[in-house]
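Working notes, beginning with the structure itself.
The values are calculated or read from the model by the stated rules, or taken from the named source; none is laboratory data. The shown structure was predicted, so the numbers you read here are calculated from the model rather than taken from an experiment. Reconstructed Cβ throughout: ideal geometry from the backbone, glycine too, with neighbour counts over all protein chains shown.
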Amino acid sequence: SQTIHQWPATLVQPVGSPLSLECTVEGTSNPNLYWYRQAAGRGLQLLFYSVGIGQISSEVPQNLSASRPQDRQFILSSKKLLLSDSGFYLCAWSSPGTSGTQYFGPGTRLLVL
Amino acid sequence: GENVEQHPSTLSVQEGDSAVIKCTYSDSASNYFPWYKQELGKRPQLIIDIRSNVGEKKDQRIAVTLNKTAKHFSLHITETQPEDSAVYFCAASTRGGGADGLTFGKGTHLIIQP
């Protein structure tokens, strides 16, 4: 069966520091991968999605970037964090093609101080 | 792009009663509509989904209905139980929910009163 991992689970970072969040998926090949952000008490906002290695589409202009160095690895990065980057970051995957169903990882809770 | 509106933002019902959450979408090309349940501090979990070639889908106490003409879909939970308390999100996507991601509603906080 498929499993999705995210780390770290929680992170406290000062403003202006860099960020790297990692997501990996097991048990499937060539998945579609997604990064979402959820602000406290709010809905989910799609940040990036990827249909394959090195293929990244950005939904929202911001100081974040994403990379997919391997088939089942998705990384979210920032060179300089802002206070507004605080939130719950969720990685998700879906099967390649148009099967549609997305499954979320356990998330990373980021607090920028 | 797609825009999804969800109502109500908070819903309180007595245990055993039914709960209904409604969503509307803007993009007539959307054809995949999942519902997620999120408990406090946890990841969203898919509870049911429906595609645009189907008008209704049921899974035990949960059902979803879709009206493509009116561009709205609803979640129905019958015989509510305390463990149904959570935040529920609707979402919509074109291309069957494939590579282009989901557009979510802002969520409904469902409270089951004992």
- prompt: (1) without any contact (Cβ under 8 Å) to a residue 60 or more places away in the chain; (2) within 14 Å of another protein chain (Cβ to nearest Cβ); (3) of a type in the set (A, V, I, L, M, F, W, C); (4) surrounded by 14 or more Cβ atoms within 10 Å (Cβ to Cβ): which one isn't true of A:ILE4, the others all being true?
  reply: (1)
message: Being surrounded by fewer than 21 Cβ atoms within 10 Å (Cβ to Cβ), among the hydroxyl-bearing types (Ser, Thr, Tyr) and part of a loop (DSSP other than H, G, I, E, B): is that true of B:THR69 here?
response: yes
message: Need the failing condition index for A:VAL60 against (1) of a type in the set (A, V, I, L, M, F, W, C); (2) at pLDDT below 95; (3) over 25 Å from B:GLU5 (Cβ atoms); (4) exposed (fewer than 14 other Cβ atoms within 10 Å of the Cβ), just the number.
response: (3)
query: In the stretch A:75-113, which residue that is within 10 Å of chain B (Cβ to nearest Cβ) and in contact with a Gly (Cβ under 6 Å, 6 or more places away or on another chain) is modelled with the lowest pLDDT?
result: A:THR98
- request: Show the residue pairs that are 6+ apart or on different chains and have beta-carbon atoms under 9 Å apart, the first residue being within the stretch A:39-62 and more than 7 Å from chain B (Cβ to nearest Cβ) and under 30 Å from B:THR108 (Cβ atoms), the second being among the hydrophobic types (A, V, I, L, M, F, W, C) and exposed (fewer than 14 other Cβ atoms within 10 Å of the Cβ).
  value: A:GLN45/A:ALA39; A:GLN45/A:VAL60; A:LEU47/A:VAL60; A:PHE48/A:VAL60; A:GLN62/A:LEU82
- prompt: Take the residues of the stretch B:31-54 that are closer than 11 Å to B:VAL87 by Cβ and more than 10 Å from chain A (Cβ to nearest Cβ): which is surrounded by the fewest Cβ atoms within 10 Å (Cβ to Cβ)?
  reply: B:LEU40
task: Kindly provide the set of residues from the stretch A:22-36 that are surrounded by fewer than 22 Cβ atoms within 10 Å (Cβ to Cβ) and closer than 20 Å to A:VAL112 by Cα, ordered by number.
output: A:GLU22
- line: Taking the stretch A:65-74 and keeping residues away from chain B (no Cβ under 14 Å) and without any contact (Cβ under 8 Å) to a residue 40 or more places away in the chain leaves A:SER65, A:SER67, A:PRO69, A:GLN70
statement: Of A:SER65, A:SER20, A:SER77, the only residue that is closer than 26 Å to B:ASN3 by Cα and of a type outside the set (Lys, Arg) is A:SER65
message: Please return the ranges of strands (runs of 3 or more DSSP E) entirely within the stretch A:1-103 where 3 or more residues are not polar (S, T, N, Q).
response: A:3-7, A:19-26, A:32-38, A:44-52, A:64-70, A:73-78, A:87-94
